[in-house]
Amino acid sequence: MVAMARVSLLWLMITVGISVLGTGSWAQFSIPARYDGFVYNGAGKGKGPVIWESFVDPLCIDCKEAWPVVKEVAELYGKSLVLIVHPFPNPFHHNAFFASRALHVAESLNASLVYPLLESIFEQQDSFSNPSTFHESAASVVERLITLAGKLGLPDSFSSGFSNSNTDLATRISFKYGSSRGVVGTPTYLVNGVAVAGADESWSVDDWRKVFDPLLRTPGFVAKA
């Protein structure tokens, strides 16, 4: 009976917590000046016939494995599909916040280098993992991210971006935005604001076409071969 009472009390607490969140009585986090994320293609500003949102942790192996297909799908549909990538630094990846912040720093200096930097981080992902950096200082991790950025042609001012409160806030907003959309892991995908059930790194281009073709089949539309 005691065990049942404890379970009932726990369920009541969870239910009340959900109800409170549902009423909007939780604290409002900062609303960004623009829609969060980096537009990969399309008309920009997050506008288009279909908006595809991808929540990505630069240090997530599944995100790394999924990325080539995501890019191929985005290029297949061209401007008919707008891909927006939201950095979502998983807390259990100790350096994910630094890596996500690096993307925001890059966006503030040269938006065209955001994705090359993301891909460079993917390539060096193992070196930023928890085991690889167990004895490495945070300052050293950031310095290596700065080095990666420099190799891509980002200016020396990239380093000062890590002491700019705006990039810190932008990275926090990215995480909070993802959390507000129910994201609990990466990669997570939304299409026109709706979560795509079961979508993960194993999905092929054909799997994604089953999602997008019905949405984008309009007179005269032909996906790229």
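Each value in this text was obtained by applying a stated rule to the coordinates, not by laboratory testing. On a predicted model such as this, the values are computed, not experimentally measured, just so you know. When we count neighbours, we look across all protein chains shown, and the Cβ atoms used for this are built from the backbone with ideal geometry, even at glycine.
In terms of the mean number of neighbouring beta-carbon atoms within 10 Å, the peptides 121-127, 88-94, 137-143 order highest first as 88-94, 121-127, 137-143.
Distances between every pair of Cα atoms in the stretch 81-225, grouped in 10 Å steps from 0 to the bin holding the largest one, split as 10, 35, 32, 18, 5, 0 percent.
Summing Lys, Arg as +1 and Asp, Glu as -1, what charge do residues with Cβ under 14 Å from the Cβ of E143 carry, E143 excluded? All intermediate terms of the calculation are to be shown ahead of the outcome.
On the way: positive: R101, R144, K151; negative: E136, D156.
Combined, the nearby Lys, Arg, Asp and Glu give +1.
The listed peptides 54-61, 69-76, ordered by packing as a protection proxy, come out as 54-61, 69-76 (highest mean of other Cβ atoms within 10 Å first). Would you list, by chain and number, the aspartates and glutamates whose Cα falls below 18 Å from the Cα of K210, excluding same-chain residues fewer than 8 positions away? Cα-Cα hits under 18 Å: E53, E72, E75, D200, E201.
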